[in-house]
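Peer 1: So that we are looking at the same thing, I have put the structure below in structure tokens.
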Amino acid sequence: MTVSHKLTAVAVVCGAVAAGVVVGLLLVAPSGSDPAASNTGTPAPPPASSRPVPVDPDVAAVEVVGKAIAAAIVNHDATAFGKLTCVQQSSADLAELGRKWSAAGKVTATVPDPPVVSGDSATVTVHVEGVGGQKDTPFPLKKQGGKWCVP
């Protein structure tokens, strides 16, 4: 057997072994999962919400804005909140809001219920919990230029 025939035989054997490993992983891995990820031992993160995804695009869009409001509150990010408003906020107003949020300390904020949408108006309630207690705040939203924002 020549050297080139030996190299070809080794390449064929290696290819067969690799194909066998891939087929084995596909047969062992649960349907629809990534075979490479199935051996990590780390559980998949839980879904962000147990509620079903809204079918109405406006309800879905309002919920996204509500979650962005909640994130801005948790992160004490008045600038991010300012980007969700229909009218540009002054830097002084945003700074004051940021100071109030920072003074509140660490908080959690969620959107516990689906928003209520009626035409170009909506309300999304944000539930905030912190050292000082808890509060549900309904945020009115309106659709302006095809985008939902806080009036």
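Any read-out appearing in this document is the output of simple, stated calculations on the displayed coordinates, not a laboratory observation. Computed from a prediction, not measured in an experiment: that's the story for all the values here.
Peer 1: Tell me which aspartates and glutamates have Cα within less than 17 Å of Lys143's Cα, excluding those fewer than 8 residues away on the same chain?
Peer 2: Straight-distance partners of Lys143: Asp56, Asp58, Glu63, Asp120.
Peer 1: Straight-line reach from Lys135: which lysines have a Cα under 21 Å away, not including same-chain ones fewer than 8 places off?
Peer 2: Lys67, Lys100, Lys106
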